[in-house]
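Have a look at the structure below, then the notes.
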Amino acid sequence: MHKWQIKIILSSGKELTAYYNGSESDSDAVVEKLFVGDINEIISLNDKDNTESIYINRGEIASMMISVA
């Protein structure tokens, strides 16, 4: 299991940092799992401590950076 840090810039310019825990071994696999698909779909990520969920509409994402947390 890997923990990934995802820094996201929304279309509005707002920046946020979210985290994803998964078995994916590289950032391309994380992109395929979470960000490829219907732009109207809501994806769920976590805060750093896994105590809060962060819900994001795929269509609102302007850019992102993914790294191992």
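Brief remarks follow.
- A crude spin-label estimate for the pair GLU60 and ASN40, with each label 7 Å from Cα along the Cβ direction, gives 1.6 nm.
- For the chain, with +1 on Lys and Arg beta carbons and -1 on Asp and Glu, the positive-most of ILE66, LEU16, ASN50 along the dipole: LEU16
- Modelled this way, with points 7 Å down the Cα-to-C-beta line, the labels at VAL68 and LEU16 are 2.7 nm from one another.
- Charged side chains reduced to their Cβ positions (Lys and Arg at +1, Asp and Glu at -1) give the chain a dipole of some 140 debye around its Cα centre.
- Residues of the chain: accessible area per residue with a 1.4 Å probe, Å²: 64
- Cα centroid separation - region 4-48 against region 49-66, whole Å: 5
- In order along region 34-42, the Karplus-derived 3J(HN,Hα) couplings, from 6.51 cos²θ - 1.76 cosθ + 1.60 at θ = phi - 60°, round to 9, 10, 9, x, 4, 5, 8, 6, 9 Hz, and Gly and Pro are given as x.
- In plain terms, the chain from ILE9 to GLU52 could stretch by 13.6 nm, reckoned as 0.36 nm per residue minus the Cα-Cα distance.
- Rg/Rh (Cα only; Kirkwood hydrodynamic radius) as it applies to the chain: 0.93
The values are calculated or read from the model by the stated rules, or taken from the named source; none is laboratory data. Since we're looking at a predicted model, the values are computed, not measured. Because the Cβ atoms are built from the backbone with ideal geometry, glycine has one as well, and the counts that use them run over all protein chains shown. With ligands, DNA and RNA removed, areas are computed over all heavy atoms of the protein, side chains included. Shrake-Rupley method; radii C 1.70, N 1.55, O 1.52, S 1.80 Å.
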